[in-house]
Amino acid sequence: MATEAPHVSAIIVSHNTREELLRCLAALVAWTAGPLEVLVVDNASLDGSAEAVEQSFPQVRVIRLAENVGFARATNLGLREARGALVLILNPDVEVRPGAVDALVAVLDSRPLVGAVGPRTLNPDGSVQVSFGPDLTPLLEWRQRRLVRGVKRRTPQAQARLAAMTQREFEPDWLSASCILARREALLVVGGFDEGFFLYEEDADLCLRLRRAGWRVLLTPGAEIVHRLGSSMAKAPARARMEYQRSHLRYYVKHNGTAARVVLRSLMAASALLGLARAFTRGGRDDRRHQVAVLRLALGLD
């Protein structure tokens, strides 16, 4: 006899994040009250992640991939296997706080027009993390980066602004895919994540398409998570930097006009040239190769 479908399916994409993944699953299982299906999509990890999950969490379904297909494609594979009406997309370097998942579920259960909801995101030290933002345009990104830099430097003005923004519910243009609860129906309507994004910006692209399809995107302080930002990407920083550049440009090509694309390509090229000059005096061969790759991307040669 077929078992009843769970209300929530959690999808966690992992690549060589064994310890972070185990902490993530322990918190998720411990602090979620309602029925929960958990799927881990393993992007060809070499650190024993899949085996560790199967041993420690036998109730979790592990989907092993033969190669690293990127975050977007791996999440879509999990989405096709998920049975819940609500889908929790969660990074392995996230630890949900008590009641967080249930609070996100309550939002979607009570508000049929909300297609996706995200939590208030904290750093391990308890400070608020920037986990949302405006659509990506040159001007709006400049403003967003001022906020991010200010928060990173712990300037009182930036921290106070971010704390005030996240103390109430509001509708940002995008939510970080580190933790999003979305309606499976809404994700399927827009075709899930764009698999042309290997890593980064796929969340901004998804939220834009959800809003264009008529769904609301909401951040609620009623749910909190702790995100060890960048811990997984620290294992492959060179590729992460390059994939960010590719994804950034892809977003602009999809959603912005010619003028905005020219601005972005110009900024990328100028930054690469400056980085290349520094690399020849203080950097190494890998840094020079990276800057040349970014320059070629900016000029449309790759």
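The values are calculated or read from the model by the stated rules, or taken from the named source; none is laboratory data. Small disclaimer: the values here were computed from a predicted structure and weren't measured. Note that each Cβ is placed from the backbone with ideal geometry, even for glycine, and that neighbours are counted across all protein chains shown.
Values as computed for the structure displayed
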read-out: Scan of region 98-113 for residues that are touching an Asp or Glu at 6+ places or on another chain (Cβ under 9 Å) and over 12 Å from ALA33 (Cα atoms), ordered by number; value: VAL107
read-out: Number of the exception - GLY191 against (1) over 19 Å from LEU86 (Cβ atoms); (2) part of a loop (DSSP other than H, G, I, E, B); (3) of a type outside the set (A, V, I, L, M, F, W, C); value: (1)
read-out: Residue match in region 196-207 (condition: in a helix (DSSP H, G or I), more than 12 Å from the chain's Cα centre (by Cα) and without any contact (Cβ under 8 Å) to a residue 40 or more places away in the chain); value: no
read-out: Check on GLN157, outside the structural domain of TYR251 (by TED's automatic domain parsing) and in contact with a Pro (Cβ under 7 Å, 6 or more places away or on another chain); value: no
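Rundown of residues vs (1) within 30 Å of ARG97 (Cβ to Cβ); (2) of a type in the set (A, V, I, L, M, F, W, C); (3) at pLDDT 95 or above; (4) assigned to a helix (DSSP H, G or I), yes/no style:
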| site | (1), (2), (3), (4) |
| --- | --- |
| GLY222 | yes, no, yes, no |
| MET242 | no, yes, no, yes |
| ALA260 | no, yes, yes, yes |
| ALA272 | no, yes, no, yes |
| PHE280 | no, yes, no, yes |
| ASP287 | no, no, no, yes |
| ALA293 | no, yes, no, yes |
| GLY300 | no, no, no, no |
